[in-house]
Each structure stands twice: as C-alpha cells, then as structure tokens.
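No value in this document is a laboratory result; all are computed from the given coordinates. The model shown is predicted, which means the values in this text are computed figures rather than measured ones. Here the Cβ positions follow ideal geometry from the backbone for every residue, glycine too, while neighbour counts run over all protein chains shown.
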Amino acid sequence: MLNKILIGMAFLGLMGQTPQKQEGLKFHAPPRPLAAGAVTHDWKSFLGPTRNGISTERPLRKQFNHKAPPIVWEVPKGEGYATPSVVGDRVLLLHRLGDKEVVECLNAENGQRFWKFAYATTYEDRYGFNGGPRCQPISDGERVYTLGAEGKLHCLKLTTGALIWKRDILQEYHLKQNFFGVGATPLLEGNLLIMNVGVEAGPSVVGLDKLTGKQVWGAGKEWGPSYSSPSAATVHGKRRVFVFAGGESRPATGGLFCIDPANGKVDFQLPWRGRRYESVNASSPLVIGNSVFISECYGMGGTLLDIQPDFSFKHAWETKALNTHFMTAIYKDGYLYGLDGHGPRNAPLVCIDAKTGKEMWRNDPDWEETIKTPEGVRKVNLSPGLASLMLVDGQGLMLGEYGHLVWLDLNPKGYQETERTTLFLAGETWGMPALSRGLLYLCQNNKGVDGSMARLICYDMRGEAK
C-alpha cells in the first residue's frame with residue numbers, strides 16, 4: 001500500500017513536467033538554433049523584461065524577403081486579448097473556451113501542453129467585443145498570476161498549475177463591471193502584487209502579498225479601475241509605482257498616482273482624464289529617468305512630469321500631438337514614439353521630442369493588400385490601426401492591428417520602414433507580442449480572410465551570428 005502511495009506521489013510530481021501534444025496543435029518545423037553569444041530573456045511581465053516595451057534580444061531576423069518568418073508551431077485559442085508570457089521553456093496563455101477561462105502552460109519550442117487550469121466565467125461584454133480575458137499572465141519564475149475579465153485572480157504553481165490561492169476581486173471589493181470588464185494587468189514588485197482595483201470609497205490601488213493574496217496596503221480613494229497596467233521604476237534612487245487610474249464614473253474621473261510600494265503612501269496624484277463618460281485611461285505610465293509620461297486619447301492628451309527629489313512634480317510640457325489609447329509610447333534617444341488616437345483609422349505613428357513635447361513627424365501608412373472574397377479578388381488598403389510597438393535591439397518592431405509585422409528605423413527625421421510582411425489578415429490583432437529566445441509569440445484574435453481561426457502562433461525570429 002505504501003509503495004502505491006509513493007508511486008502515486010511520484011506520478012503527481014511529474015505532472016506538468018512532461019509536455020503532451022494536445023488537440024489542434026500544428027508543429028511546422030524546429031526553430032533555427034540560437035546563435036553563439038545570443039542575448040535572450042524571459043517575457044514574464046507586462047510590456048516585457050524591463051516593463052517599458054524594450055528588448056535587447058539579438059541577433060534577430062531583420063529581413064523578411066517578402067514572406068512571413070517561419071512558423072514553428074500554432075495552436076487554436078479561444079476568446080480574449082491577453083498577450084502570452086514566456087518563462088524559461090514555458091509559454092503561458094490565458095483565454096476563454098466556452099463558459100470557462102483557461103490558463104495553459106505550453107512548451108516554448110513545440111507548443112505541447114505541460115498543464116491546463118480552468119474555471120467558470122459568465123462575462124458578457126456590453127460593447128460587443130469578445131468575452132475573453134484581457135490581462136496578460138505574469139510570473140515571478142515560480143508562480144503564475146492571472147486576472148480574468150470578471151476579476152477572478154489566481155496564483156498557480158508554474159511547474160504544475162496547482163492552485164496556490166485565489167481571490168474574486170469584483171465580489172470581495174463590491175465592484176461593478178467596468179466598461180470592458182477587468183483589463184489592467186497587475187504588477188509584480190518585490191513581494192507584492194499591485195492592482196488598480198478602484199473601490200468607490202477606497203482603496204483605489206492595493207498591494208497584495210504575492211504568496212498569500214492578502215492585502216498589505218491600500219492607497220487612494222478617488223478613482224476607479226482603468227485599463228492601464230501599473231509601472232514601477234527607481235526614481236531619485238527610490239522605488240516607486242505609478243498607477244494611471246480611472247474607471248466608469250459620472251463624471252469621468254481618474255489620474256496618476258505615485259506610490260511608495262514599501263507602505264502604500266501616495267507621494268502625489270494628478271487628475272488626468274478625458275471628460276467623456278465613455279473615456280478610458282489605458283496606456284501605462286512611462287518612466288524616463290526622473291520623469292514620467294502619461295497619455296490618453298479622449299481629450300486631455302499627454303503630459304511629461306518632472307519628479308522632484310521630494311517626490312512632488314512639475315509639468316515639463318503637455319501635448320495634443322501624441323494621444324495614446326491602449327498602446328504605451330516607446331522612448332528612444334530623447335524621443336517618444338507612439339500611435340495617436342483610438343482609430344482604427346486615423347491613428348498615425350507620431351514622434352515627439354521628449355524634452356519639449358514638440359512634434360517631429362507623423363505618418364499614417366497605407367498598405368495595399370489583395371484578398372479573395374466570394375465575390376472575387378479585390379484590393380484593400382490597410383493601416384497599422386491600433387498597433388503595438390516595441391523597441392528591439394535598437395529598432396522598432398510594430399505589429400499592426402490586421403496582422404502586419406514591420407521593422408522600423410525609429411529616428412526624429414521621419415517614418416522609415418526597413419522591412420514589412422503580412423503574417424495574416426485578421427482584425428483586432430491587439431496586444432504586444434512576446435519575444436523570448438528569438439521566438440515571437442502572438443495571438444490572432446479573429447478569423448482571418450483566408451479562413452484561419454483564432455490561434456496562438458510561434459514565429460522563428462532567430463538571426464544568425466555575424
């Protein structure tokens with residue numbers, strides 16, 4: 001009997017360790033070997049390893065030669081807009097299948113499943129968007145944290161998917177459904193999981209113990225939950241968390257909190273929200289040295305705040321030239337690059353001087369595509385739309401809303417594409433891809449014009465050593 005128990009325990013210990021091929025998985029070809037001396041990293045936080053859309057991975061495939069990079073593997077996905085995460089040899093996907101939100105842990109190089117965790121959901125989107133989760137899974141390397149569209153928060157063991165703790169944020173904090181459900185990815189900072197919960201009478205922001213889920217502190221009491229994920233950085237030698245809050249309210253209210261994560265003390269708060277009832281704050285605060293840039297696209301626009309050593313602030317400048325929606329601007333060599341407006345048409349890429357806020361240029365590319373329809377072949381013109389932009393090894397990498405992948409030379413002189421390809425043609429390709437160990441993971445969220453269904457795709461972006 002004891003031997004059977006020990007054998008059973010050993011079997012359970014192996015669960016989640018050996019990946020298994022699942023239904024629908026298509027493996028195309030192994031990726032190119034990593035080049036000698038390649039620089040790689042995990043993608044386990046919102047906006048990547050430094051949480052600001054910047055990656056130092058290299059070498060990467062910089063030429064497409066009029067075709068998409070090779071697909072390594074693909075797997076069907078359900079509803080949702082959540083970006084995947086990559087931790088070591090594991091990819092984490094949060095999506096909705098039927099009446100369940102599902103967390104899947106897949107092998108990074110072949111797509112086979114290590115484990116799956118699911119729970120019930122009844123979320124319905126009031127504006128007709130899909131009913132899946134919006135928040136990226138995040139990880140500290142040992143645990144996985146997921147937040148669903150209804151505010152169901154789970155902490156799982158990375159290796160096995162075993163539940164460590166869970167909380168129902170909407171129910172426990174007596175919250176109402178926000179415009180598009182819950183959509184702000186939490187932030188891991190030290191031993192805390194930081195969230196903009198937005199309780200009407202406070203707290204607006206909470207710091208939870210990442211090991212237990214218990215609240216450690218609450219901060220602020222005026223603004224509801226936005227769609228902007230918190231940011232953290234060292235400012236004047238001290239760690240600070242920035243939360244761009246503001247949920248459904250009449251009148252529309254919201255703004256920026258600067259918070260000491262050690263105790264939840266609010267250093268300052270700045271009201272910054274469009275006046276429209278159906279406005280949202282959605283792009284994350286971007287810290288640049290001892291300054292922070294925030295932006296929204298419903299009337300207020302953007303502003304750069306210079307934070308003083310006593311953690312007060314001064315407005316460096318304000319702008320109506322770069323009004324970001326849910327993409328976060330990229331900083332490079334003294335300039336900011338981002339998409340202006342909430343599109344999908346008329347959302348040009350804009351460059352502004354980070355010192356002055358002066359617009360350097362704007363460009364709304366127009367890409368012609370030939371598609372087959374039941375009525376015949378026709379040509380359509382597509383733009384980047386609500387694209388995502390990241391800085392990779394000094395160059396811009398943009399994923400367009402309809403499935404275009406573009407390398408850009410980001411400079412203050414003008415818009416300059418160096419390479420462009422079409423991965424697929426499908427709408428609502430929202431959410432930044434995940435880049436790890438030369439592999440690019442992204443979600444096709446809608447049915448493509450070629451009949452392809454929603455899927456998670458792994459592309460081989462590995463370059464050769466020079």
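The Cβ shell under 15 Å around Lys413 holds other residues with a net charge of -2, Lys and Arg each +1, Asp and Glu each -1. Just report the Cα centroid separation between region 40-79 and region 415-464, whole Å. First find each Cα centre; the distance between them is then 8 Å. Under the shape rule built on the C-alpha gyration tensor, where the axes satisfy a ≥ b ≥ c, region 208-317 is oblate, since a/c reaches at least 1.5 while a/b does not exceed b/c. In region 354-465, the convex hull through the Cα atoms has an average projected area of 8.6 nm², a quarter of its surface area. Net charge in the neighbourhood of Ala347 (other residues with Cβ under 13 Å of its Cβ; Lys, Arg +1, Asp, Glu -1) is -2. Among the chymotrypsin sites (Phe, Trp or Tyr not before Pro) found in region 15-70, not one is both in a DSSP coil and sparsely packed, with 15 or fewer other Cβ atoms within 10 Å of its Cβ. The relative contact order of region 341-466 comes to 16 percent, based on Cα pairs under 8 Å that sit 6 or more residues apart. Hydrodynamic analysis of the chain uses the Kirkwood radius over alpha carbon pairs. Inserted into Stokes-Einstein at 25 °C and 0.890 mPa s, it gives a translational diffusion coefficient of 108 µm²/s. The alpha carbons of region 229-383 give a radius of gyration and a Dmax of 18.1, 66 Å, in that order.
Could you list the GluC sites (Glu not before Pro) in region 356-460 that lie in coil according to DSSP, counting only those with at most 12 other Cβ atoms within 10 Å of their Cβ? Filter output for region 356-460: Glu375. The alpha-carbon of Lys355 sits under 16 angstrom from the alpha-carbons of these aspartates and glutamates, leaving out residues fewer than 8 places away in its chain: Asp306, Glu318, Asp333.
Note that region 65-180 carries a Kirkwood radius of 15.0 Å, evaluated over its alpha carbons pair by pair.
Here region 306-402 has an Rg and Dmax of 17.1, 66 Å, counting Cα atoms alone.
Couplings for region 93-98, taken from phi via the Karplus curve 6.51 cos²θ - 1.76 cosθ + 1.60 with θ = phi - 60°, read 10, 10, 8, 10, 10, x Hz in order; Gly and Pro are left as x. Dipole size of region 183-331 about its Cα centre, with +1 on Lys/Arg Cβ and -1 on Asp/Glu Cβ: approximately 20 debye, rounded to the nearest 20.
The distance separating the Cα centre of region 199-220 from that of region 292-347 comes to 27 Å.
Neighbours of His28, meaning other residues whose beta-carbon lies under 10 angstrom from its beta-carbon, give a summed charge of -1 when Lys and Arg score +1 and Asp and Glu score -1.
Measuring r between the beta carbons of Asp125 and Ala68 and using R0 = 25 Å, the FRET efficiency lands at 0.25. What relative contact order, as a whole-number percentage, does the chain give when Cα pairs under 8 Å and 6 or more residues apart are counted? 14 percent. Anisotropy class assigned to region 201-260 is oblate, per the alpha carbon gyration tensor with a/c at or over the 1.5 cut-off and a/b no larger than b/c.
Over all distinct Cα-Cα pairs of region 275-326, the Kirkwood formula returns a hydrodynamic radius of 11.6 Å.
Only one residue of Phe293, Ala82, Ser283 has its Cα farthest out toward the positive end of the dipole of the chain, where Lys and Arg carry +1 and Asp and Glu -1 on Cβ, and that residue is Ala82.
Dipole size of region 92-170 about its Cα centre, with +1 on Lys/Arg Cβ and -1 on Asp/Glu Cβ: approximately 120 debye, rounded to the nearest 20. Calculated FRET efficiency, Arg239 to Glu142, Cβ-Cβ distance, R0 = 25 Å: about 0.75 to the nearest 0.05. Qualifying trypsin sites (Lys or Arg not before Pro) in region 49-147, where qualification requires a DSSP coil assignment and no more than 14 other C-beta atoms within 10 Å, comprise Lys67, Arg126. Each 5 Å bin from zero up to the one holding the largest Cα-Cα distance in region 377-440 carries the following percent of pairs: 4, 16, 25, 27, 16, 8, 3, 1. Under the simplified labelling scheme, the Thr56-Leu163 pair shows an inter-label distance of 4.0 nm, with each label point 7 Å from Cα along Cα→Cβ. Computed about the Cα centre, the dipole magnitude for region 137-210 is approximately 160 debye when only Lys and Arg (+1) and Asp and Glu (-1) carry charge, each at its Cβ. As a quick test, which of the pairs Lys221/Lys358; Lys26/Lys100; Lys152/Lys210; Lys265/Lys320; Lys166/Lys221 have an alpha carbon distance above 26 angstrom in this structure? The answer is Lys221/Lys358; Lys265/Lys320.
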